[in-house]
1. For the chain, what's the relative contact order in percent, using C-alpha pairs closer than 8 Å and at least 6 residues apart?
2. Measure nothing but the geometry: give the 0 to 90° angle between the long axis through the Cα atoms of 88-119 and the longest principal axis through the Cα atoms of the chain, rounded to 10°.
3. Can you tell me which of 44, 80, 67 moves the most in a GNM of the chain? Springs connect C-alpha atoms under 10 Å apart.
4. Report, to the nearest 10°, how far helix 41-75 tilts away from the longest principal axis of the Cα atoms in the chain, using its own Cα long axis and a range of 0 to 90°.
5. With springs only between Cα atoms under 10 Å, which of 111, 54, 15 fluctuates most in a Gaussian network model of the chain?
6. Which FRET efficiency value, to the nearest 0.05, is calculated for residue 10 and residue 35 with the Förster distance at 30 angstrom and r the Cβ-Cβ distance?
7. According to a simple spin-label model (label point 7 Å from Cα along Cα-to-Cβ), what is the distance in nm between residue 99 and residue 72?
8. Test of understanding: in a Gaussian network model of the chain with alpha carbons linked when under 10 Å, which of 21, 63, 98 would top the mean-square fluctuation ranking?
């Protein structure tokens, strides 16, 4: 953990990691094992969902801390608007939106938990699946 970086640098790096995940998982073969082994895919899919679940579990805390910091800055009257207007309405809007985002991540966490439960029991075939058709 590199706490020497600024919060915005850390958030930008996290966003870039998610972008990389999006590009890497465009095709299902991203989850295959070495030499295209499909048997690894269910576990890799499950592991990816577990990672995304951990991400959604951590993001509400980040948003809470950002909201707290914004409220503290407003309380100390350390925010000014570029257009010279009173920042109270803008801060209020931002605080509500951040709270809404926090709630949305909690909903996403619930959905990912629901998905991860059955996925954690999924596995692939060690070889090619046997043809179940009767000849």
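Every number here is computed from the coordinates shown, using simple stated rules; none is lab data. In this text, all values refer to a predicted model and were calculated from it rather than measured experimentally. Cβ placement follows ideal geometry from the backbone for every residue including glycine, while neighbour counts extend to all protein chains displayed.
1. Answer for the chain is 33 percent.
2. Helix 88-119 sits roughly 20 degrees off the main axis of the chain.
3. 80
4. Rounded to the nearest ten degrees, it is 0.
5. Answer for the Gaussian network model of the chain: 15.
6. 0.25
7. Once both label points are built, they end up 2.0 nm from each other.
8. In this elastic network of the chain, the residue with the biggest mean-square fluctuation among 21, 63, 98 is 21.
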